[in-house]
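Report on one structure; see the data block that follows.
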Amino acid sequence: LYREKQQFADGVGNWVSDIQKHAMKIFPDMDAVCAEQSFCNFVLGTESVGYESLVESRKERRRKHTIPGKVVPPGSPQPHRWYSVRSNPDLKRMNLSYEDAAKFLRDVLHWPDTKDFLPSLATLDALIVSMLERIPFHNLTLLTRERRPPTMDEIKQDMMSGIGGPCSVVNSFFATLLDVLGFGPNVYLLS
């Protein structure tokens, strides 16, 4: 977990400013916006310029922030657990039924009719908007409960009551909800 956090912070920390600085070096005759756009075109594969200095600055940052005595071989793969929601052993314990999902849509997200629900891009967009509008993102439940990760029952209870919670609660429930509503089998929770 520490390594994942380190890589995330390492990748995001100065990454944006590094891209902007690097783009200005590669395209010195352009203003910052045009240079950044040209660099983005390169990243998408439409131009070819060197980006070795970005990679080197990232490696240097990683060397500075390495834990003494902890050796991670360069190029070693990042361990991961990617399960589809249907086969995720943790999320299976949530036991979210279709009836629970319909009740959540009706009572918490205030959808008027859920009996003719069909998974589509339009309904996915509407679900995302509804979740962002109606489900609060907060860490208050982490402060009021004993210090441990929430159980699947607590996640289900918090979401079914509309309390919401931190990203791990909201995202776990939303991924399970999407699968139950028929958006699966390729719904993944990447965490």
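The values are calculated or read from the model by the stated rules, or taken from the named source; none is laboratory data. From a predicted model like this one, the values you see are computed outputs, not experimental measurements. A quick note on method: Cβ atoms are made from the backbone with ideal geometry, for glycine too, and the neighbour counts reach across all protein chains shown. Remember, those area values only see protein heavy atoms, side chains included, never the ligands or the DNA or RNA. Shrake-Rupley method; radii C 1.70, N 1.55, O 1.52, S 1.80 Å.
Looking at segment 141-152, which of the residues that are in contact with a strand residue (DSSP E or B) (Cβ under 9 Å, 6 or more places away or on another chain) and touching a residue at least 24 places away in the same chain (Cβ under 8 Å) is most open to solvent (accessible area, probe 1.4 Å)? Per the criteria, the residue is Leu142.
Within segment 96-118, the residues that satisfy the criterion of being out of contact with any Leu (no Cβ under 6 Å at 6 or more places or on another chain) and open to solvent by less than 70 Å² (accessible area, probe 1.4 Å) are Leu96, Ser97, Asp100, Ala102, Phe104, Leu105, Val108, Leu109, Phe117.
Let's see how each residue does on (1) within 18 Å of Glu99 (Cβ to Cβ); (2) assigned to a loop (DSSP other than H, G, I, E, B):
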position: Met131; (1), (2): no, no
position: Pro150; (1), (2): no, yes
position: Phe173; (1), (2): yes, no
position: Leu181; (1), (2): yes, no
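The set of residues in segment 122-136 being of a type in the set (A, V, I, L, M), under 19 Å from the mean Cα position of the chain (by Cα) and loosely packed, with under 13 Cβ neighbours inside 10 Å consists of Ile128, Val129, Leu132.
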